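Computed from the coordinates by the stated procedures, all read-outs in this text should not be read as laboratory data. Because the structure is a prediction, the values reported are computed rather than measured. Neighbour counts are summed over all protein chains in view; Cβ atoms, including those assigned to glycine, are modelled from backbone coordinates with ideal geometry.
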Amino acid sequence: MTARRPNCRRLKSAELTDPQQLRNYQPAPNSHQGRVVIVTGAGDGIGQAVALALARQGATVGLLGRTLRKLERSYDQIVKTGGPKPALLPFNLETAGAAEYDSLHDALDREFGRVDGLAHIAGILGALSPIDHYDVPTWCKVLHVNLTAAFLLTRTLLPLLRRSGDASIVFTSSGVARRGRAYWGAYSVSKFGTEGLMQVLAHESEGTGIRANSLNPGPVRTAMRLQAFPAEDRNRLVEPAAVTAPYLFLLGPEGRGINGMTFDCQPPPPAAQA
Ligand code: NDP
């Protein structure tokens, strides 16, 4: 297996990067060995697939998510396939307060002393609704889980990321982060905010050994996608495992030097892959 460096370029206005290079990235064996990477939403969907893929590449993964039972399933799969022993980090991004963030920092400091990667993948859809009917508590919850919690977690872990020397933060974006779409309400706005958070952080991090980028995985067969498009033909969607390559690239040593960029990496639907 050979490692290939994708041909990435900075987005200009509404222009998107050619997704193919990132999608087809194949890391060298053990490309992430020795790295400690925290993955949010690691119990389900894209987060779980990225956590398993990172462990296969030798990373020690911090499995952060809301439901312990799901995190334990990810843990068991990693151990069963011979990956480095992961850390179970049950954490509710909706309700966590300062004490929980401090405890998380202290636990990771004690266990690892540093963090080399942070993949923000957890998220919620909220409601699909026109703005004039959008439920206010749902709006606040979506903005909090998708955006404010990502800010809080990043802020909490920055001291540990600074100790890495080559730390990568990846935010998960969306097609509705770049152009608002009717009825996508708080979800769309939270993803616009995610892009803004990434850009501010990336600018502040220039020359510090920390990089920040964002990535839109495109349509993927998960619980969230089913909630958004209940009548869709699910056979036309790829599995979460099909979208892990861009995360591996950005979180690993080969992504070094890439900072402040946003990538659009949706795979072709399965029918078009044959
Ligand atoms: P899923 O619904 O399958 O998974 C969402 C994950 O987020 C779950 O692991 C869930 O944990 C976790 N989560 C939700 N709320 C909280 C919380 N309060 N605290 C901690 N963890 C929480 O979604 P996807 O895998 O589809 O989505 C992953 C990311 O990809 C999201 O950011 C989404 O916006 C983005 N995305 C997805 C696309 C798609 O087509 N699927 C397209 C574009 C972007 P639990 O299961 O325990 O509730």
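Quick look at the numbers
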read-out	value
The range 27-68 versus the range 114-141: alpha-carbon centroid distance in Å	22
Sorted peptide list for 188-199, 99-110, criterion being average Cβ within 10 angstrom, highest first	188-199, 99-110
For G209, net neighbour charge (Lys/Arg +1, Asp/Glu -1) across residues whose Cβ lies under 13 Å away	+1
Cα-based equivalent ellipsoid, the chain: semi-axes from gyration tensor eigenvalues, Å	25, 22, 20
Net charge, A177 excluded, C-beta distance under 14 Å - Lys, Arg +1, Asp, Glu -1	+2
Positive dipole terminus of the range 30-268, leading residue within A98, L63, N259 (C-beta point charges)	L63
The range 20-59 pair-distance distribution - Cα-Cα, 5 Å bins, rounded %	6, 24, 24, 25, 18, 2
Packing rank of 85-98, 242-255, where each peptide gets the mean count of other beta carbons within 10 Å, highest leading	242-255, 85-98
Relative contact order [Cα under 8 Å, 6+ residues apart], the chain, whole percent	21
Long-range amide H partners of C265 with built H, under 5 Å	N216, G218
Cα-based Lys pair tally, the chain, threshold under 29 Å, eight or more apart or on separate chains	6
Integer Hz, Karplus 6.51/-1.76/1.60 couplings in order for the range 60-76, x for Gly and Pro	8, 9, x, 8, 9, x, 7, 10, 4, 4, 5, 5, 5, 5, 5, 4, 4
5 angstrom amide H check on G260, placed H, neighbours 5+ away	A212, N213
Proximal charge balance of L158 [Cβ under 14 Å; K/R count +1, D/E count -1]	+1
R0 of 30 Å, Cβ-Cβ distance A96-Q26: FRET efficiency to nearest 0.05	0.25
Kirkwood Rh in Å, taken over the range 133-274 so that all alpha-carbon pairs contribute	16.4
